[in-house]
Amino acid sequence: MDLKLIEVAELLNVSEQTVERWVDSSLIPCYQFQGQTRFNRLEIEDWVMNASQGGQRFFEMGAWNQFGLYRAIHKGNVIQDVDFTTKDEFIYQIMQQISPQLSLDTEVVSELLSDREKLMSTGLGHGIAVPHTRDFLLKGLFDAVIVVFPKTPVEWGSLDNQPVHSFFFLFSCDGRRHLNLLAKIAHLASNPQALDFLKTKPHRQDLLPYIKNWESSISTSVCLV
């Protein structure tokens, strides 16, 4: 799906002038079509998931919702020690557990998640992956993140070739909140202390307060910039 400059500004919750500056400085992926700047939505997603590019810009500008990730995990779930042999099997197994909770169709959502992986891996690097669909499936103003820890780290096609030890299955209700959460998870994945904590496979009662404290700390950092 192609986006205009104003649409990207709205999705990223920044001004059109900010996006124009990023374009002029070659800081955001775009292309020219009939003399106008256009953006590919998948490329924007990948840009946002890269903590050193889009994710870092969200952090510097404070463009994300405070405690958004905490609320999304609270709405979702934390699943431990999942064993599987293929991506499709893994995705289907997780959706069997979580689809009823989110009022989603297991078969349909599993297919949408697998299709997204075939386009491009959702592995961020550093052992983190964010499986998600190209569609916004949730009805109502809420998002859900299901954190899944496989029994052993698995190959997921990440750019750094590192196996994934922590999955953040992301379901959003609109594009802006979707990109917001992608950026926040990408920023979390760039934090060595957070990565060490995730490798311990924390349970829900331990992960939620950790995420809440982490979000509070980065919000304070933004305020101090």
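Indicate, rounded to the nearest 5 percent, the antiparallel portion of the DSSP beta bridges found entirely in the chain. Please list the in-between numbers first.
Working: 14 of 21 bridges.
Antiparallel bridges: around 65 percent, rounded to the nearest 5.
Given axes a ≥ b ≥ c from the Cα gyration tensor, I'd like to know whether the range 68-213 is rounded (a/c under 1.5), prolate (a/b larger than b/c) or oblate.
rounded
Of K87/K184; K4/K212; K118/K212; K75/K184; K75/K199, which sit over 27 Å apart, Cα to Cα?
Those over the limit are K4/K212; K118/K212.
How would you rank 19-26, 162-169, 122-129, highest first, on the average number of other Cβ atoms within 10 Å across their residues?
On the way: 19-26: 14.1, 162-169: 22.0, 122-129: 23.6.
Put in order of decreasing packing, that is 122-129, 162-169, 19-26.
When the chain is fully extended, how far beyond the present Cα-Cα distance does Q101 get from D196, taking 0.36 nm per residue of separation?
Between Q101 and D196, full extension yields 31.3 nm more.
Readers should treat all values here as calculations from the given coordinates under stated rules, not as data from a laboratory. Small disclaimer: the values here were computed from a predicted structure and weren't measured. Here the Cβ is made from the backbone with ideal geometry for all residues, glycine too, and neighbour counts use every protein chain on show.
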